[in-house]
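Written out below as C-alpha cells is the structure these notes cover.
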Amino acid sequence: MSVQVAAPAVELKELSGPMDKAAGPPCEPVTAHPPGHGVAAAPCPLPATEREAAPAPSSCSERPPGSGCPGLSSSAAGLPPGAAKVPQASAMKRSDPHHPQHRHRDGNDSGGAAAEALVSPDGTVSEAPRTVKKIQFADQKQEFNKRPTKIGRRSLSRSISQSSTDSYSSAASYTDSSDDETSPRDKQQKNSKGSSDFCVKNIKQAEFGRREIEIAEQEMPALMALRKRAQGEKPLAGAKIVGCTHITAQTAVLMETLGALGAQCRWAACNIYSTLNEVAAALAESGFPVFAWKGESEDDFWWCIDRCVNVEGWQPNMILDDGGDLTHWIYKKYPNMFKKIKGIVEESVTGVHRLYQLSKAGKLCVPAMNVNDSVTKQKFDNLYCCRESILDGLKRTTDMMFGGKQVVVCGYGEVGKGCCAALKAMGSIVYVTEIDPICALQACMDGFRLVKLNEVIRQVDIVITCTGNKNVVTREHLDRMKNSCIVCNMGHSNTEIDVASLRTPELTWERVRSQVDHVIWPDGKRIVLLAEGRLLNLSCSTVPTFVLSITATTQALALIELYNAPEGRYKQDVYLLPKKMDEYVASLHLPTFDAHLTELTDEQAKYLGLNKNGPFKPNYYRY
C-alpha cells in the first residue's frame, strides 16, 4: 500500500472574486409605541403649566398618597399590559367587607365596582376614586384570541425545548402533534413537482430551509465562484454521485453546485443527529433525492443509505463519503455495483482509515481520493473550525462558564489543537492525553500538561475525545468521574466513548434537553453526556460556514479530478489531493479578506526552482 499524490487532470483557471452580496432593505427605527398601536397613555391630572413648574418625584413612593404615577403607561410603570392602576405602597387597603366605606350610598353591599377605603400612614381615611382607569388595548381581544389552530401539547413543548437546536423559525415548530409521532418512513409525501423519491421529516419546511441555504451561499465564495464559472462547461455531466455526509445548509450548497456542474445526486446523512430537517426538505423540494432526518434510529440510518443506492435503473459511478459507511455498505452488499464505481472521495479520518485497510488487503478495486489529509481540509476544517465550534456546542448544551474549569482533551491532532486553544483562551485549565510523541511534544510546547487519563479523571469537569480511535473513555473511566462531569466527543465516530456500557439496568438515563442526557448512578452521581457520544459540534450546534466552503470546494474539485482523469492515471489505491489543487482552493478564498498575494519574479522563481504559478511547496512539506 502506498500513499500517492495525484497530478491534476483538469486545468485550473483563475476565477473572479466573491460574488456581490445583495444589499438588504434598510433597517427602520423601532419605537416603544408607534402611532396607532392602541395603547392609551394614562391621563396626567396636572395642567401643563403646573407640570412644568412642579418638580418630578424620583419615585412613585414620594408622591402624595393616592396620586398615582401621572403620565406613565403600564409598561413604563413596570405593570403588565392591561393592568389597572393600583394604590400606592404608602397606603393600606381596608379588607373588612363590613366597613362603612365598603357600602354604596343606598346601603347595599358593594360589588366589584364599589369605592375602596384607603388609609394613609397618618391615619386619615379617604375614599378611592370610584372609576379605576385601565390602560386600553384596542386589539386586546384579537391578540389574546390568536392561537395556533393545529397544535398539541407535545408540539408546543417541542418548540420550546428544542429552540436552541432547531435552526428554522419558531413558527415552523407549530405543527400537528402527530408529526412528531410518525416516522418519515411511514409518511407519503410529495414535493410541488409530484415527486416522492425522498424521505424527510416534513416537506412543508422547505421554505425555511431555502432561506438557510441562501444565507450559507453568502459565506461560501469559492464554491459559488466555481459554480458560476464551470456550470457552462458541465465538467460533471454524466456523473451519478451518491453521497453520505452531514446534511446542513453548507452541504446543500455543495449538492446544488454539483448539480449545476452536470451531476445527478442522491444523498443520505452520515450522522443521525446532524441533519437539519428544513434543509433536507428544501433539497427534496428542489428535486434532490434526499433520505435523512434528525434523530434517525440505527435501522433508519442504514435504510436511508440503502434507499440512496438501491434504485432500479440508476447505477452510481462516484461516491462522496464522510466516515466510510456508504463505501462499506456498497462494498459489502452490492459488490458488482462497487466494481463499476469510477472514484471515491473521502473526507474523514475514520473513512480514510477504512480505505487504507481495504487497499492494504488488496480489496480496493477503485481509486480513492483522501481529502481529509489535504492541507485545506486538515488545517482549516479540523483546526480552525473546531477551535470555534467546540465552545458553541458546549455553551448551547450546558450553558456553562469555562473560566477555571479543568478539561482533559484526548488527542492533540488538528482537532485537539483547535479545542485546546479555544478552551485555554477562555481561562480553562487544560490537560492533554496523546499516544504520538511528536504531538505530545507539541502539546507541551504549547503550554499544556501531558497526562494519562487515569491520572486526572477524578478531578476534571469536562472530558473531550478527538482521536478517531475506539474505547478512549471506558466504563471504568466513567465510573470514576466526578459528579456533573461533562463528557463529549469531537471525533467523527461514536466509538470513542463507551456509551453502550452505560445502558445497563442499574443506571438511569434522564433526557434534560435536546442531545443532553444525565446518566445517573445508584449513589446519585450523574454525568452529563452530550449527543450520546456522537460528533458534538454538528449534533448540538453549527459550524462556521466559511470553513466549510473550503472543505466543500476541495471535495468538488476532487470529484471533478477523479471523474475526468484519463484512463490509467489513477490505479486502485488511495491518493492525496494534488498540491496545486490545495493552493487553488486557498486562493479562491483570499479575496474575501481583501488579501493580496506577492508574486515571484522570474529571477526568484529560478533561484527557488519553482514555477511562478505554483505549487510552492513540495509534497513532503509540513504546514
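The set of residues in the stretch 521-562 being touching a Lys or Arg at 6+ places or on another chain (Cβ under 7 Å) and either part of a helix (DSSP H, G or I) or of a type in the set (D, E, K, R) (or both) consists of 540, 551, 554, 562.
Residues to consider are 491, 468; find the one that is part of a loop (DSSP other than H, G, I, E, B) and closer than 15 Å to residue 408 by Cα. I'd like the intermediate steps shown before the answer.
Details: 468 fails: closer than 15 Å to residue 408 by Cα.
Residue meeting the stated conditions: 491.
Within the stretch 494-506, residues that are within 20 Å of residue 524 (Cβ to Cβ) and open to solvent by less than 20 Å² (accessible area, probe 1.4 Å) have Cβ atoms under 6 Å from residues that are assigned to a strand (DSSP E or B) and modelled with pLDDT of 95 or more in these pairs: 502/519, counting only partners at least 6 apart in sequence or on another chain.
Among the residues of the stretch 552-574, write down those that are of a type in the set (Ser, Thr, Tyr), over 17 Å from residue 265 (Cβ atoms) and either without any contact (Cβ under 8 Å) to a residue 60 or more places away in the chain or surrounded by 23 or more Cβ atoms within 10 Å (Cβ to Cβ) (or both). Step through it out loud before you land on a result.
Start the filter on the stretch 552-574 by keeping residues that are of a type in the set (Ser, Thr, Tyr), which leaves 553-554, 563, 570.
Next, only the ones that are over 17 Å from residue 265 (Cβ atoms) stay: 554, 570.
Listed by number, the list holds a single entry, 554.
When the stretch 297-312 is limited to residues that are over 15 Å from residue 184 (Cβ atoms) and not in a helix (DSSP H, G or I), the one that is farthest from the chain's Cα centre (by Cα) turns out to be 312. Report whether or not residue 221 is open to solvent by less than 30 Å² (accessible area, probe 1.4 Å) and more than 25 Å from residue 316 (Cβ to Cβ). Yes.
Within the option set 312, 298, 347, being closer than 25 Å to residue 199 by Cβ, open to solvent by less than 30 Å² (accessible area, probe 1.4 Å) and of a type in the set (D, E, K, R) holds for one residue only, 347. Out of 278, 285, one residue alone is at pLDDT 95 or above, closer than 17 Å to residue 199 by Cα, open to solvent by 20 Å² or more (accessible area, probe 1.4 Å) and of a type outside the set (A, V, I, L, M, F, W, C). It is 285. Any residue that is open to solvent by 10 Å² or more (accessible area, probe 1.4 Å) and part of a helix (DSSP H, G or I) - is there at least one of those in the stretch 184-191? Looking through the stretch 184-191, at least one residue is open to solvent by 10 Å² or more (accessible area, probe 1.4 Å) and part of a helix (DSSP H, G or I). When residue 272 is tested against the conditions (1) among the β-branched types (Val, Ile, Thr); (2) under 25 Å from residue 219 (Cβ atoms); (3) not in a helix (DSSP H, G or I), the lone failure is (2).
The values are calculated or read from the model by the stated rules, or taken from the named source; none is laboratory data. The structure displayed is predicted, hence computed values, not measured ones. Glycine also receives a Cβ, built like all others from the backbone with ideal geometry; neighbour counts cover every protein chain displayed. All accessible areas refer to the heavy atoms of the entire protein, side chains included, with ligands and DNA or RNA removed. Shrake-Rupley method; radii C 1.70, N 1.55, O 1.52, S 1.80 Å.
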